[in-house]
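Structure record follows, encoded as structure tokens.
The values are calculated or read from the model by the stated rules, or taken from the named source; none is laboratory data. On a predicted model such as this, the values are computed, not experimentally measured, just so you know. Neighbour counts run over all protein chains shown; Cβ positions are idealised from the backbone, glycine included.
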Amino acid sequence: MKVAVVGTGYVGLVVGACLAETGNEVICADVDVAKIGSLKQNKLPIYEPGLEPMVVRNQRDGRLIFTANVADAVERSEIVFIAVGTPPDEDGSADLQHVLEVARTIGDHMHEPKVVITKSTVPVGTAERVRAEIAQRTRTPFHVCSNPEFLKEGAAVDDFMKPDRVVVGVDSAEAAHVIEELYAPFVRTGNPLIVMDIPSAEMTKYAANAMLATRISFMNQIARLCEAVGADVTQVRRGIGTDRRIGQAFLFPGPGYGGSCFPKDVKALIRAGADQHVALDILDAVEKANDAQKQVLFEKLREHVGDLHQRTIAVWGLAFKAETDDVRESPALVLIEALLCAGAKVQVHDPAAMKSAARSLGSRVKYAEHAYDALSGADALAIVTEWLEYRNPDFARIKRLLNRPLIVDGRNLYDPVKLGRLGFTYDSIGRPLGCASS
């Protein structure tokens, strides 16, 4: 099939590369000329495992083309994905200006029937707005579909190639057939392609992310209560996660959720509820709990160190999660800003996100090329992101480099008893304190 993907951000680039991988002729279009120039040279704007070799391979074999000419990409394609950003507006609602601008371009350059698919995360009713914008500009017949993405950053390629499910909202049996043919290579193992009406598909994306955000905030609050009453959240998690009604996914406590999806999608759903006079009190609480959780590591550091002025704190992990360079809404940036406001000096390391973090942190922190370099002369180590290279470090080396053997761990990577025996004060999330005197 001949496919255009408008937008070469996180979603669009993964969609385009994966569709090209299965033999489709894919044109990825973006108005950002500099980004397109870099992509033509196989220089990707994001870090995502497995994506770069896929882009290189499919460009080389002619199945994947990058262009800044959106109109030409539309004209040459049978299927057009809209995969541009929908950032939160000031009131929390999704900003649809880029989506609707693409719709207008499609309408202006639709000279033969096409299937238009909204891949961007958009509120209910967006597909109809897209349809209206296109219809104002063409008499050529077309279909509009909703195909929300469920890609986890750090595992997006695998998620697309081997999806749990593919959700599609369609306006006709003909559009459903086209989508089924396009996705056939990805659902051969039996995972379902779920066809539904368009408003339900649009709602499914928001509902899924809001549910996951709710589980995270719930466990984070349970972890805080565990600390207060002397329980161990790790044992609690195992105890409830083996209940088949609950399951084990998204029950790990941490420093709060971040990234490009959960924060903005929770806000957008709350706003959509307000617009329809439907109170989503649970999501208000989820958002409030997450904001509070992002302060926990700072509070722990202040409790152990005292006055942070002129103290040096090492931070391992800047990305909001491992296997990505995305620092949007990252708990690490919240922690660092709080430390800087308290007068602390901050030394940071991340395997992939230093460049993206530097856009907001600038020269206010010291960037370490290697993880251990961030520890020299520090009064404490704070761990914010669960990168694999942090999971089994040389604790003797850490102890030598730190001014005091203090680790505040937002990801519960280590055994508190072991760290106590090694002479550390070790404070994690929802577990007993590990310390040399215990």
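With the structure loaded, tell me whether THR22 is within 18 Å of ALA132 (Cα to Cα) and among the hydroxyl-bearing types (Ser, Thr, Tyr) or whether it fails that test. I'd like the intermediate steps shown before the answer.
Details: within 18 Å of ALA132 (Cα to Cα): no; among the hydroxyl-bearing types (Ser, Thr, Tyr): yes.
For THR22, the condition - within 18 Å of ALA132 (Cα to Cα) and among the hydroxyl-bearing types (Ser, Thr, Tyr) - is not met.
Which residue pairs have Cβ atoms under 6 Å apart, sit 6 or more places apart or on different chains, and have a first residue in the range 231-258 that is in contact (Cβ under 8 Å) with a residue 40 or more places away in the chain and under 16 Å from THR214 (Cβ atoms) and a second that is part of a loop (DSSP other than H, G, I, E, B) and β-branched (Val, Ile, Thr)?
Every condition considered, the pairs that remain are PRO253/ILE429.
Taking into account only those residues within the range 255-290 that are on the phi > 0 side of the Ramachandran plot and surrounded by fewer than 24 Cβ atoms within 10 Å (Cβ to Cβ), which is modelled with the highest pLDDT? Walk me through how you get there before you give the answer.
Within the range 255-290, the subset on the phi > 0 side of the Ramachandran plot is 256, 259, 277.
Still in the list and also surrounded by fewer than 24 Cβ atoms within 10 Å (Cβ to Cβ): 259, 277.
Numbers: GLY259: 92, HIS277: 96.
Result: HIS277.
Of everything in the range 394-411, what is surrounded by fewer than 23 Cβ atoms within 10 Å (Cβ to Cβ), in contact with a strand residue (DSSP E or B) (Cβ under 9 Å, 6 or more places away or on another chain) and in a loop (DSSP other than H, G, I, E, B)? Give them in sequence order.
LEU402, ASN403, ARG404, PRO405, ARG411 - these are the residues of the range 394-411 that are surrounded by fewer than 23 Cβ atoms within 10 Å (Cβ to Cβ), in contact with a strand residue (DSSP E or B) (Cβ under 9 Å, 6 or more places away or on another chain) and in a loop (DSSP other than H, G, I, E, B).
Scan the range 212-249 for residues that are out of contact with any Gly (no Cβ under 6 Å at 6 or more places or on another chain), more than 18 Å from GLU287 (Cβ to Cβ) and not charged (D, E, K, R) and report the count. Give the derivation first.
Taking the range 212-249 and keeping what is out of contact with any Gly (no Cβ under 6 Å at 6 or more places or on another chain), we get 212-222, 224-225, 228-232, 234-247, 249.
Those left that are additionally more than 18 Å from GLU287 (Cβ to Cβ): 225, 228-232, 234-247, 249.
Now drop any that are not not charged (D, E, K, R), which leaves 225, 228-231, 234-236, 239-242, 246-247, 249.
The total comes to 15.
May I ask you to list the residues in the range 409-433 that are within 17 Å of ALA314 (Cα to Cα) and of a type in the set (Asp, Glu)?
Hits for the range 409-433 are ASP409, ASP427.
Can you tell me which residue among GLU112, GLU128 is of a type in the set (Asp, Glu) and in a loop (DSSP other than H, G, I, E, B)?
Values: GLU128 fails: in a loop (DSSP other than H, G, I, E, B).
Going through GLU112, GLU128 in turn, just one is of a type in the set (Asp, Glu) and in a loop (DSSP other than H, G, I, E, B): GLU112.
Any residue that is small (Gly, Ala, Ser), farther than 30 Å from ILE46 by Cβ, not assigned by TED's automatic domain parsing to the domain that holds TYR414 and not in a helix (DSSP H, G or I) - is there at least one of those in the range 250-273? So that I can check it myself, show each step before the final result.
Residues of the range 250-273 small (Gly, Ala, Ser): 254, 256, 258-260, 268, 272-273.
Then drop every residue that is not farther than 30 Å from ILE46 by Cβ, which leaves 273.
In the following step, the residues that additionally are not assigned by TED's automatic domain parsing to the domain that holds TYR414 were identified as 273.
From the residues that got through so far, the ones that are not in a helix (DSSP H, G or I) too are none.
So far as the range 250-273 goes, no, none of its residues is small (Gly, Ala, Ser), farther than 30 Å from ILE46 by Cβ, not assigned by TED's automatic domain parsing to the domain that holds TYR414 and not in a helix (DSSP H, G or I).
Sort out which residues of the range 99-124 are under 20 Å from PHE262 (Cα atoms) and of a type outside the set (Val, Ile, Thr), and write them in order of number.
Here is the first cut: in the range 99-124, the residues under 20 Å from PHE262 (Cα atoms) are 99, 118-124.
Correct list: LYS119, SER120, PRO123.
For the range 295-340, name all the residues that are in contact with a strand residue (DSSP E or B) (Cβ under 6 Å, 6 or more places away or on another chain) and among the basic types (Lys, Arg).
Correct list: LYS300 only.
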